[in-house]
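These notes are about the structure you will find just below.
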Amino acid sequence: MFRSNNVTARIFERQISSPAPGTSVHCARRFYENIVPCHTIFDIECPDILFRKFSDDGQYLITFSRNHQDLVVYRPTWLSYSCREQDCPDHDLPSKANKFESFFTQLYSVTLACSGELICKDFFLYSEKNQFGIFASSTAQIHDAPAVGGAIQGIPSIEKITFHLVRLEDGVILDERVFCNDYINLAHSMGVFLYDDLVAIVSLRYQRIHILQIRDSGNLVDVRSIGEYCREDDELFLNSSTQCMSIPGRNRNHNVGNGPDHTNQMPEGSFLSGLKQRLLSFIFRGIWNEEDDPTMRMQCLKKKFYFHFQDYADLVIWKVARNTDNHPAFFAVYNMETTEIISFYQNSADELYTLFELFCDHFHSSSKNSFYMNFLSTHSNNIHALEQLRCNKNKASSLPQFVKKMLSTLPFNCQSQSPSPYFDHSLFRYDDKLISATDRHRQSTDHPIKFISRRQPNILKFKIKPGPESGNADTRTKKISSFLFHPILPLAISVQQTLFLQPAVVNIHFRR
């Protein structure tokens with residue numbers, strides 16, 4: 001059925017007709033075709049802050065002080081002014097419109113980092129259920145730190161990493177959790193995942209996954225640690241077994257007369273970690289079940305398992321950006337309750353890519369309490385995104401390299417995409433190389449980024465132009481841009497900065 005471009009006609013249509021079951025939200029989002037951030041205020045007068053993002057419910061704008069010490073939280077408001085003329089839309093905006101405070105109200109500023117720590121400006125996770133924010137601060141990295149106490153060789157160390165649980169309503173620090181002499185990848189929340197009230201923190205240095213729970217009272221409670229041990233009583237069982245083996249006479253060799261007691265001491269590091277044992281067992285059983293003939297089974301085990309045993313045993317958890325062309329990478333699916341490995345894939349597996357293409361939504365760890373994050377456009381729920389993915393796949397010169405490139409994004413970083421409806425591929429078409437829902441810096445361009453109507457392919461809905469209105473005079477300096485879209489309102493912030501610590505150019509895009 002034809003839909004009018006007029007907002008009034010759409011409202012009238014909504015009154016006299018009802019959407020199909022399960023499509024009410026998608027029908028409501030079509031109003032964003034008419035309500036777009038079509039007006040830009042260039043180089044706004046802005047405090048000297050570092051922008052992070054909007055919270056997923058749009059209640060808060062998260063920023064940090066330039067010295068990486070303080071958390072500064074704003075509430076999005078709206079520009080309001082009076083006009084006595086009849087043609088108000090044609091008049092220039094008042095002078096106060098060029099001020100950041102006209103669009104945002106500062107709620108508070110609280111110091112998070114201390115004792116030589118700096119706030120990680122790329123890290124922020126939001127618990128929408130109780131409006132808690134998780135922030136991180138850390139000391140500097142030590143790249144040549146010795147591997148002691150079970151640490152992995154070659155992984156840097158950070159003397160102190162602190163996670164802060166903050167109530168965003170008033171800025172009260174509810175709880176903190178400190179990791180000493182460890183390494184957790186904080187950039188873009190790569191090493192931390194939040195699902196409902198459970199927080200998973202990946203320690204790369206000690207190959208452990210710490211599971212914490214956020215209580216409604218604002219406390220961080222330890223649930224379990226996965227890595228060296230898988231079940232909660234594994235450590236108790238192993239220690240009890242070691243003590244039994246160490247009791248004199250319990251394991252004595254009776255063939256030795258009048259000799260010293262020979263007790264079996266368990267050397268340190270004699271066992272592989274529990275998680276790695278689960279993985280080796282899964283690989284072994286998978287190869288074992290491939291053949292029914294005993295002779296062929298043993299040959300297959302020798303070729304596929306025993307010859308590569310040390311390669312499997314040397315695998316480490318590694319969630320950082322790295323070149324997978326030179327380093328083989330694998331994906332394992334682990335059931336935390338049953339402590340079993342469910343599946344195991346190499347990063348070039350066609351089967352995993354097929355699952356990724358068909359069920360991309362299942363790879364996002366969005367909490368069930370997060371309403372807005374359920375409407376992200378992916379190639380498994382949007383035909384336009386799927387067509388774009390398959391077009392890129394057909395253009396790829398090497399299919400295995402394309403598969404590796406796509407699977408290198410797994411697992412998706414937690415809360416790394418904006419739920420703004422202006423990134424909905426069923427509503428707007430835009431250049432993914434210049435702007436996207438993914439929370440990443442982009443190479444800046446002097447040309448405005450166009451958002452074109454998907455339903456009317458030749459209609460330009462609005463443009464987003466980062467940087468000065470007249471463009472950049474120095475074209476040799478490399479510039480990067482970041483974009484913060486409000487998840488509900490027709491409001492966006494573009495920040496253009498250079499690599500030489502020059503003042504950033506902040507533009508505000510809104511519906512006038």
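The values are calculated or read from the model by the stated rules, or taken from the named source; none is laboratory data. Small disclaimer: the values here were computed from a predicted structure and weren't measured. Because the Cβ atoms are built from the backbone with ideal geometry, glycine has one as well, and the counts that use them run over all protein chains shown. Note: accessible area is taken over every heavy atom of the protein model, side chains too, but ligands, DNA and RNA are not part of it. Shrake-Rupley method; radii C 1.70, N 1.55, O 1.52, S 1.80 Å.
The residue list 50, 61 contains one member that is modelled with pLDDT of 95 or more and either within 23 Å of residue 186 (Cβ to Cβ) or of a type in the set (S, T, N, Q) (or both), which is 61.
Out of all the residues in the range 159-171, which are free of Cβ contacts under 8 Å to residues at least 40 places away in the same chain, part of a strand (DSSP E or B) and open to solvent by 10 Å² or more (accessible area, probe 1.4 Å)?
The answer is 159, and nothing else.
Going by the structure shown, is residue 424 charged (D, E, K, R) and buried (at least 16 other Cβ atoms within 10 Å of the Cβ)? Against the criterion (charged (D, E, K, R) and buried (at least 16 other Cβ atoms within 10 Å of the Cβ)), residue 424 qualifies. Remark: pairs (first residue in the range 292-314, open to solvent by 80 Å² or more (accessible area, probe 1.4 Å); second residue among the aromatic types (Phe, Trp, Tyr) and in a loop (DSSP other than H, G, I, E, B); Cβ separation under 6 Å; 6+ apart in sequence or on different chains) are absent. Based on this model, can you work out whether residue 192 counts as among the β-branched types (Val, Ile, Thr) and surrounded by 14 or more Cβ atoms within 10 Å (Cβ to Cβ)? In short, yes. Taking the criterion of being more than 19 Å from the chain's Cα centre (by Cα), outside any loop (DSSP other than H, G, I, E, B) and under 18 Å from residue 507 (Cβ atoms), the residues of the range 426-450 that qualify are 443, 449, 450. The numbered conditions (1) under 30 Å from residue 439 (Cα atoms); (2) assigned to a loop (DSSP other than H, G, I, E, B); (3) open to solvent by 40 Å² or more (accessible area, probe 1.4 Å); (4) at pLDDT 80 or above are all true for residue 18 except (1).
Taking the range 427-483 as the search range and keeping residues that are farther than 15 Å from residue 495 by Cβ and in contact with a Pro (Cβ under 7 Å, 6 or more places away or on another chain), which one is most open to solvent (accessible area, probe 1.4 Å)? Per the criteria, the residue is 463.
The residue that is farthest from residue 509 (Cα to Cα), counting only those in the range 406-421 that are open to solvent by less than 20 Å² (accessible area, probe 1.4 Å) and assigned to a helix (DSSP H, G or I), is 407.
If the condition is being buried (at least 16 other Cβ atoms within 10 Å of the Cβ) and in a strand (DSSP E or B), then the range 40-62 contributes 40, 41, 49, 50, 51, 52, 53, 54, 61, 62. Among the residues of the range 385-419, those that are of a type in the set (S, T, N, Q), touching a helix residue (DSSP H, G or I) at 6+ places or on another chain (Cβ under 9 Å) and closer than 22 Å to residue 466 by Cβ comprise 416, 417. Across the range 196-223, the number of residues qualifying as assigned to a strand (DSSP E or B) and either modelled with pLDDT under 90 or acidic (Asp, Glu) (or both) comes to 1.
Could you check, for the range 397-405, whether at least one of its residues is surrounded by 14 or more Cβ atoms within 10 Å (Cβ to Cβ) and assigned to a loop (DSSP other than H, G, I, E, B)?
Within the range 397-405 (the criterion being surrounded by 14 or more Cβ atoms within 10 Å (Cβ to Cβ) and assigned to a loop (DSSP other than H, G, I, E, B)), the answer is no, since none of the residues qualifies.
Against the condition under 25 Å from residue 56 (Cα atoms) and either open to solvent by less than 50 Å² (accessible area, probe 1.4 Å) or within 21 Å of the chain's Cα centre (by Cα) (or both), how does residue 204 come out, does it pass? No; evaluated as a whole, the condition is false for this residue.
Per this entry, residue 193 is counted among residues that are at pLDDT below 95 and in a strand (DSSP E or B). Looking across the range 128-158 at every residue that is touching a Gly at 6+ places or on another chain (Cβ under 9 Å) and open to solvent by 30 Å² or more (accessible area, probe 1.4 Å), the one that is farthest from residue 116 (Cα to Cα) is identified as 130.
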